[in-house]
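A short write-up of the structure that comes next.
The values are calculated or read from the model by the stated rules, or taken from the named source; none is laboratory data. Computed from a predicted structure; not experimentally measured. When we count neighbours, we look across all protein chains shown, and the Cβ atoms used for this are built from the backbone with ideal geometry, even at glycine.
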Amino acid sequence: MKIHRVLQATGLALLLLTGLTSASFADSGTVTVVFTKGGFIVDVGGGQGVLTFRGKRYPFTVSGMSLGLSIGASTSKFAGKALNLQRPSDLAGSYAVVGAGGAIAAGAGSTQLRNANGVILRLSGARVGAEVSAAVGGVTITMQ
C-alpha cells in the first residue's frame, strides 16, 4: 500500500513537472518579409511581412534606417525562421543590423537579427535593384 502511494506521488510530480516545463519552452515560427529601401548615405525603408506561428498568420510592418556608405534602391524578399517565441507579440521590437551588401539587377543575401525579447530572426532571400552599402542601422517590427 505504501509503495502504491509513493508511485502515485511520483507520477503526479512528473506530470506536473512536465506540464510546467513544456509551457516555458520557446517555440519557433516562419517569417516572410518584403522590404524596399533607398537612399544616399542614409537609407530609409519599409515593408510588410507575415509571421506563421502555431498554425495562425500574424501580419506585421517593418521600418528601418541605416547610416553609412550606401547608394541606390532595392527590394528584398526574405523568408526564414523566428526562434525563441513565447507568443506572437515577442516578434515586435527593434533589431540591430550591421553589415555590407549589394545588388545590381538581382542578388541574394542572408541575415540574422535579435531583439530585446530574445527573438532571433534567420532570414535569407533575393534582393532586386541597384544598391551598394556598408552601413549600420536598425529595423523595427510592429505587429498589425
>> If I ask for residues that are more than 17 Å from Thr140 (Cα to Cα), of a type outside the set (A, V, I, L, M, F, W, C) and part of a strand (DSSP E or B), which ones from the range 42-74 would you list?
In response: Thr52, Lys56, Arg57, Gly68, Ser70, Gly72, Ser74
> So how many residues does the range 82-92 have that are outside any loop (DSSP other than H, G, I, E, B) and either aliphatic (A, V, I, L, M) or surrounded by fewer than 15 Cβ atoms within 10 Å (Cβ to Cβ) (or both)?
Replying inline: 5
>> Please determine whether any residue of the range 97-119 is at pLDDT below 70, surrounded by 13 or more Cβ atoms within 10 Å (Cβ to Cβ) and of a type in the set (S, T, N, Q).
In response: no
> What tally of residues in the range 27-62 results from selecting those that are surrounded by fewer than 15 Cβ atoms within 10 Å (Cβ to Cβ), more than 13 Å from the chain's Cα centre (by Cα), at pLDDT 90 or above and not basic (Lys, Arg)?
Replying inline: 1
